[in-house]
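The values are calculated or read from the model by the stated rules, or taken from the named source; none is laboratory data. These numbers were taken from a predicted model, which means no experiment stands behind them. All Cβ positions, glycine included, derive from the backbone under ideal geometry; neighbour counts span all protein chains shown.
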Amino acid sequence: MGGGTPLERYVEFDIAGLGTVVVDHQVILEQYPEPDSKNEIQTDWFQVGGPVPTALAVLARFGRRTTFLGHWGDDPFGAMIEADFQDEGIGFSGSCCRTGLRSGFAHAWIDARTGQRTIACSRAESPLSVEEVDEQLLARCGAIHLDGWPSEAAHYAARIVQKNGGTVFLDSGSPKPSMEQLLPLVDVLNCPRRFLTQFLGHDDIPRGGRELLARGPRMVTITDGDQGAMLFTGAEQLTQPAFPVTAVDTTGAGDVFSGAIVHATLAGWPADRTLKFAAATAALKCAKLGNREALPGLDEVLRMIEAES
């Protein structure tokens, strides 16, 4: 497990991210379509998505110095990804735009009645290899945030950051190859309830939290949509109800929750404040459309927490 004493070294970035980056086509529908039907689109837009880039975007809003490692193509979507990173203040010197490569792409259908979404995605061709992971860049990062993809590069990057005394975060929306081997390298794991069924064969959150802790992480958070979230450490088991908001778009809610967990953990906050902060950040995102315009600032999140106290 990671989390060793930080070494005396130059830290240029608070956190690096390595994982999937895609361009999302977000489509708002009056209701989720039936098979073999035609449906009117209420509105649609394109945005940059992926668990790690969205988490880095909210971290940048909170004042964290961030950088991303990954691949995209020299196509219009790749140009959109680079422009988004520049706009959000996310570094990408450890990334690569490949000639002839198709950038990652996703369709998201959002039910206007509930804000719930269904996503189908295609990752970029030719994922980041171990040889392409910038070890010198990671040596200048205080932590790393992963989604487990691509698995070999994620393992390698986690070991580098761990060796340098940094913190390893993992947001696992679904089990990735070699997940059992990655978890012992992880300090803080976030996952949705459905991950428990896919990885552990059941969806009992308290039981799943304990089982995931036993695999290596020192802290585990498990989200359950509008039912809230739970946090587990060796000494604590905490429950946080979802903040009451009218959800219009839940796309990226888990990514934003995970980014808030990263911020609070790096700030050294206690577990109860960490969990409440993450829940408030995700709730504010769900109350607006998109995963960039909807991202709250730090002051907005803190005001929401104070109002609920």
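Computed values, structure above
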| item | result |
| --- | --- |
| Those residues of the stretch 65-81 which are more than 23 Å from residue 153 (Cα to Cα) and out of contact with any strand residue (DSSP E or B) (no Cβ under 6 Å at 6 or more places or on another chain), in sequence order | 75, 76, 79 |
| Extreme residue, nearest to residue 129 (Cα to Cα), among residues of the stretch 66-90 that are assigned to a loop (DSSP other than H, G, I, E, B) and in contact with a helix residue (DSSP H, G or I) (Cβ under 9 Å, 6 or more places away or on another chain) | 70 |
| Tally of residues being over 19 Å from the mean Cα position of the chain (by Cα), surrounded by fewer than 17 Cβ atoms within 10 Å (Cβ to Cβ) and of a type outside the set (Lys, Arg) across the stretch 133-158 | 2 |
| Filter result (in contact (Cβ under 8 Å) with a residue 40 or more places away in the chain and within 17 Å of residue 61 (Cβ to Cβ)) within the stretch 290-309 | 290, 291, 292, 294, 295, 296, 297, 298, 301, 304 |
| Considering residues of the stretch 91-109 that are in a loop (DSSP other than H, G, I, E, B) and closer than 30 Å to residue 29 by Cα only, the residue modelled with the highest pLDDT | 103 |
| Criterion violated by residue 119 - all others in (1) at pLDDT 95 or above; (2) of a type in the set (A, V, I, L, M); (3) touching a Phe, Trp or Tyr at 6+ places or on another chain (Cβ under 9 Å) satisfied | (1) |
| Restricting the stretch 110-132 to residues that are touching a His at 6+ places or on another chain (Cβ under 8 Å) and part of a strand (DSSP E or B), the residue that is surrounded by the fewest Cβ atoms within 10 Å (Cβ to Cβ) | 120 |
| Pairs, first closer than 10 Å to residue 110 by Cα and in contact (Cβ under 8 Å) with a residue 12 or more places away in the chain in the stretch 22-38, second assigned to a loop (DSSP other than H, G, I, E, B) and among the aliphatic types (A, V, I, L, M), C-beta under 6 Å, six or more apart | 28/112; 30/112 |
| Residue 210 being in contact (Cβ under 8 Å) with a residue 12 or more places away in the chain, out of contact with any helix residue (DSSP H, G or I) (no Cβ under 8 Å at 6 or more places or on another chain) and surrounded by fewer than 24 Cβ atoms within 10 Å (Cβ to Cβ) | yes |
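Quick grid of which residues meet (1) modelled with pLDDT under 95; (2) touching a strand residue (DSSP E or B) at 6+ places or on another chain (Cβ under 6 Å):
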| position | (1), (2) |
| --- | --- |
| 14 | no, no |
| 32 | yes, yes |
| 42 | no, yes |
| 45 | no, yes |
| 49 | no, yes |
| 54 | no, no |
| 57 | no, no |
